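The values are calculated or read from the model by the stated rules, or taken from the named source; none is laboratory data. Since the model is a prediction, treat every value here as computed from it, not as a measurement. No Cβ is skipped: glycine too gets one built from the backbone with ideal geometry, and neighbour counts run over all protein chains shown. Just so you know, the surface numbers come from the protein's heavy atoms only, side chains and all, with ligands and any DNA or RNA stripped out. Shrake-Rupley method; radii C 1.70, N 1.55, O 1.52, S 1.80 Å.
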Amino acid sequence: MYKLTISAGQKTDTITANANRLLIDVLRENGIYVNSPCAGRGVCGKCLVYHQEANAMIKACEHVITHDLTVRIEQTKVTAKTPFHTTLIKFQQRMGLGLAVDLGTTTIALYFVDLMQGKIIDTASCLNRQAAFGADVISRINAAINGKLLELQRMVVDDINAAIAAFLSPRRQTTIDEILVVGNPTMLHILNMTSPEPLGFAPFQAVFLEQIQTTGAVLGLNAAKVTLMPSAAAFIGADVLAGALASGLLDHRYSLLIDLGTNGELLLKKDHEYLAAATATGPAFEGATIEMGMGGVAGAINHIDWQGGQISLTSIGDSEPQGISGSGLVDAIAGLLRQGIIDETGALTISFEGKSEARYYLTDRVYLSQADIRQFQLAKSAIRTGIEILLAKAGLKPADLERVYVAGGFGFHLELDNAYLTGLLPQTFAGKVASVGNAAGSGAVLALADPDILALAIALAPAITCINLAEAAEFTDSFIANIVFSE
């Protein structure tokens, strides 16, 4: 039996472990979680922790415990954004405090609402610690199947309760009156302690899609009443419906919502018809499959520009650049395309200062690899192909759309000219695109504040026709064509 001293932030724990155990497993068993987008397969390099005795960073998923050790886990800070003006335009006045939760695969965003005044009075956010079991919903489904369902549920419940406690501590009230939660069906199944196993295998059926109304006591949340908003299909969740309500999608005859989060979802409106699809983007835009990728956290490069061949960049929180976010990734690839450093196939064409030809260094330590470019190509092709197939199914062309709404933290920072250049979005969208930030969170606030908005979501869910992109005859040819960098 060996002694492990684990420090994370201001907290230090001492735990014990048997010999020859993997460090990541021991940490998980003791409620200590490190980011592991690849679900512990040793390929992402994101579960690095500092090994004091070795004076080196090590992969927690590969380190076998053979002696006492001291480990430091670096913590990341997520920046919270209020989605719109703090005073709501429409709400149903009633007593109490409400909480709208956008339970994302990568990030949990929380909005505290004074239900009497119809006003957002505080916001909070944190990384979804379920990422310790993998970055995408399939990894979470597999973890739940392998006996981790209640552990996954407890992780998000503890984080939500911690945010509630921090919010209530200076106030007289001891509990939240109402919580409304949106998220993809996998996240909602896990929160409801319902096995998401049927979501992971064909024919991909949800156990429930309807609205769930329950109590905080049942789920373990510090709230009297909890509502889970309805979903439309196995991969078109309440977060997409909430985004539709908040973005302005419903106000136009022909409009499109593109949610560029961990899961790429699309919702197309044509008159009174709705078509939706989920794209196989993987979590590239959230940084999980990019070697130095990061989400919307301090230190992530979120904007890059080239002036006279010189790189100018900004990072979230104006911190020292530690990695690159999704919007920074688009900027980097667009800049390299303009300079001919990436050709239309995506290949890096030259090496730099004696460094590996498979990497381009944006700073002394932050780089873009050839593998990163390939991951981006797959992700952008999935989005672009999904757009093309949905439009074709509706009998529309890109030019027919009146408005295109791009949602998600990545979309909020996206430089549109670079999105067009890289082929992520068609050039014909120019002048029609609006970035709407966390539209899912905004929609959750609206549905919490006004039951009429919630009723609209309940009515909208069954009206959506979901398209399985992989079954479309044109999918393969379109996907291959969209991988290259040419409009």
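Between I145 and S7, what FRET efficiency follows from the Cβ-Cβ distance if R0 is 35 Å, with the result rounded to 0.05? Mind showing how you got there, number by number?
On the way: r = 33 Å, r/R0 = 0.94.
FRET efficiency, I145 to S7: 0.60.
Based on Cβ point charges of +1 for Lys and Arg and -1 for Asp and Glu, what charge dipole magnitude is obtained for segment 190-296 about its Cα centre, in debye rounded to the nearest 20?
220
Principal axis analysis of the Cα atoms in the chain yields extents of 62, 58, 42 Å, listed in decreasing size.
If you place +1 on the Cβ of every Lys and Arg, -1 on the Cβ of every Asp and Glu, and leave all else neutral, what size is the dipole of segment 297-397 about its Cα centre, to the nearest 20 Debye?
460
Per residue, segment 147-207 exposes 42 Å² of accessible surface when a 1.4 Å probe is rolled over the protein heavy atoms with every protein chain present. Counting only protein heavy atoms and using a 1.4 Å probe, the accessible area of E286 comes to about 40 Å². Of the chymotrypsin sites (Phe, Trp or Tyr not before Pro) found in segment 106-208, those in coil by DSSP whose Cβ has at most 11 other Cβ atoms within 10 Å are F201.
Would you mind telling me the share, in percent, of accessible area of segment 121-227 contributed by carbon and sulfur at probe 1.4 angstrom?
Numbers: 2390 of 4380 Å².
Of the solvent-accessible surface of segment 121-227, carbon and sulfur hold 55 percent.
Accessible area per residue for segment 11-59 is 52 Å², calculated with a 1.4 Å probe on protein heavy atoms, without ligands, DNA or RNA.
The calculated P(r) of segment 328-423, using every Cα pair and 5 Å bins from 0, goes 2, 11, 20, 22, 16, 13, 8, 4, 3, 1, 0 in percent.
Relative intensity of segment 1-129 on a log10 scale, I(q)/I(0) at q = 0.10, 0.12 Å⁻¹, equals -0.48, -0.60, per a Debye sum over C-alpha point scatterers of equal strength in the absence of solvent.
Tell me whether segment 283-339 comes out rounded, prolate or oblate; compute the Cα gyration tensor, take square roots of the eigenvalues as a ≥ b ≥ c, and use a/c under 1.5 as the rounded threshold. Cα axes put segment 283-339 in the oblate bin.
Given a 1.4 Å probe and heavy atoms of the protein chains only, how would you sort Y361, Y274, largest accessible area at the top?
On the way: Y361 60, Y274 30 Å².
The ranking, largest first, comes out as Y361, Y274.
Here r is the Cβ-Cβ distance between E273 and A481 and R0 is 25 Å; the resulting FRET efficiency, rounded to 0.05, is 0.40. Computed over the chain, the per-residue total of -39500 (n - 2.57) for DSSP H runs of n ≥ 4 gives a 222 nm mean residue ellipticity of -8000 deg cm²/dmol, rounded to 500. Over all pairs of different C-alpha atoms, segment 418-487 has a mean inverse distance whose reciprocal, the Kirkwood radius, equals 15.7 Å.
Comparing L22, I464, G411 along the charge dipole axis of the chain, the residue lying farthest to the positive side is L22, per the Cβ-charge model.
Treating each Cα of segment 349-483 as an identical point scatterer and summing with the Debye formula, the log10 of I(q)/I(0) at q = 0.10, 0.11, 0.20, 0.21 Å⁻¹ comes to -0.49, -0.58, -1.30, -1.34. Here the ratio of the Cα radius of gyration of segment 121-169 to 2.2 N^0.38 Å is 1.32. Give me the Debye-computed log₁₀ of I(q)/I(0) at q = 0.11, 0.15, 0.17 Å⁻¹ for segment 94-214, equal point scatterers on Cα only, no solvent, two decimals. Log10 I(q)/I(0), no solvent term: -0.40, -0.69, -0.85.
Please list 387-399, 463-475 highest first by mean number of surrounding beta-carbon atoms within 10 Å per residue.
Working: 387-399: 17.5, 463-475: 14.9.
Per-residue Cβ counts within 10 Å, averaged per peptide and sorted highest first, yield 387-399, 463-475.
Give me the distance between the Cα centres of segment 427-487 and segment 137-198, rounded to whole Å. The distance from the Cα centre of segment 427-487 to that of segment 137-198 comes to 24 Å.
Toward the positive end of the charge dipole of the chain, with +1 on the Cβ of Lys and Arg and -1 on the Cβ of Asp and Glu, the farthest Cα among A430, V445, T363 is that of V445. Distances between every pair of Cα atoms in segment 145-278, grouped in 10 Å steps from 0 to the bin holding the largest one, split as 12, 36, 32, 17, 4 percent. Panel note: the C-alpha atoms of segment 400-458, placed on their principal axes, show extents of 42, 25, 15 Å (largest first).
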